[in-house]
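Student: Structure below; questions to follow.
The values are calculated or read from the model by the stated rules, or taken from the named source; none is laboratory data. As the structure is a prediction and not an experimental result, all values here were calculated from the model. Glycine gets a Cβ as well: all are built from the backbone with ideal geometry, and neighbour counts include every protein chain shown.
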Amino acid sequence: MVGFTSCSDDDEEDNTSTDIVGTWQSVNIDSWEEVDGERSEFKGPYTKMTFIFTADGKLTIKDDGETDSGTYKLAGDKLTVKSEGGIGEMKVLALNGDKLIIESEGSEIIEDGMTYKEYMKIEFRRVKK
């Protein structure tokens, strides 16, 4: 599992866990992954991902036909997700009305001492409260 990191800023008190409750559909992604210096990127429209946040702290993630479930906690601009896929921390860049933008990045040493790094920024639109 890739470790995610996040930073905080002055908007930390603006988000509450109830702001994120609902169904969110991805609309755009800016991402890259790098394995031992070889980078692949994807930028542009992406509508295959759905995040469903419930008021009781549960989360369902659907992405390109696969489903993962778990729990989440939103504290300021830090979104922590615990799911079957592991634990991840993301920075919430925007959460207002029907717009959510999250960002994550991380790195780890994988087999044979190779370095794996990734970055992802995803923009979502709320489709259901």
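Student: Considering only the stretch 51-71, I want to know if a residue exists there that is in contact (Cβ under 8 Å) with a residue 12 or more places away in the chain, in contact with a helix residue (DSSP H, G or I) (Cβ under 7 Å, 6 or more places away or on another chain) and either of a type outside the set (Gly, Ala, Ser) or under 22 Å from Asn28 (Cα atoms) (or both).
Tutor: Checked against the condition, which is being in contact (Cβ under 8 Å) with a residue 12 or more places away in the chain, in contact with a helix residue (DSSP H, G or I) (Cβ under 7 Å, 6 or more places away or on another chain) and either of a type outside the set (Gly, Ala, Ser) or under 22 Å from Asn28 (Cα atoms) (or both), the stretch 51-71 yields at least one hit.
Student: Another one. Within the stretch 77-129, work out how many residues are under 21 Å from Lys62 (Cβ atoms) and either at pLDDT 95 or above or not hydroxyl-bearing (Ser, Thr, Tyr) (or both). Let's see the steps before the verdict.
Tutor: Looking only at the stretch 77-129, we keep the residues that are under 21 Å from Lys62 (Cβ atoms), and these are 79-90, 92, 95, 98-104, 118, 120-129.
Okay, now just the ones that are also either at pLDDT 95 or above or not hydroxyl-bearing (Ser, Thr, Tyr) (or both), so 79-82, 84-90, 92, 95, 98-104, 118, 120-129.
Qualifying residue count, the stretch 77-129: 31.
Student: What is the residue count in the stretch 33-57 for residues that are polar (S, T, N, Q) and over 20 Å from Lys73 (Cβ atoms)?
Tutor: So in the stretch 33-57, the residues polar (S, T, N, Q) come out as 40, 47, 50, 54.
Cutting the leftovers down to over 20 Å from Lys73 (Cβ atoms) gives us 40, 47.
The qualifying residues number 2.
Student: Any idea which of Gly37, Gly70 is of a type outside the set (D, E, K, R) and under 20 Å from Lys129 (Cα atoms)?
Tutor: Only one candidate passes the filter, namely Gly70.
Student: For the stretch 77-110, which residues satisfy the criterion of being within 17 Å of Ser26 (Cβ to Cβ), surrounded by 15 or more Cβ atoms within 10 Å (Cβ to Cβ) and either touching a helix residue (DSSP H, G or I) at 6+ places or on another chain (Cβ under 6 Å) or not small (Gly, Ala, Ser) (or both)?
Tutor: Leu79, Val81, Met90, Lys91, Val92, Leu93, Leu95, Leu100, Ile101, Ile102, Glu103
Student: With the structure loaded, tell me whether Lys121 is out of contact with any Lys or Arg (no Cβ under 8 Å at 6 or more places or on another chain) and charged (D, E, K, R) or whether it fails that test. Steps first, answer last, please.
Tutor: Values: out of contact with any Lys or Arg (no Cβ under 8 Å at 6 or more places or on another chain): yes; charged (D, E, K, R): yes.
It is true that Lys121 is out of contact with any Lys or Arg (no Cβ under 8 Å at 6 or more places or on another chain) and charged (D, E, K, R).
Student: State which residue pairs qualify: first residue touching a residue at least 60 places away in the same chain (Cβ under 8 Å) and outside any strand (DSSP E or B) and inside the stretch 98-127, second residue surrounded by fewer than 16 Cβ atoms within 10 Å (Cβ to Cβ) and of a type in the set (A, V, I, L, M, F, W, C) in any location, beta carbons under 8 Å apart, and separation of 6 or more residues or different chains.
Tutor: The qualifying pairs are Ile110/Val35; Met114/Val35.
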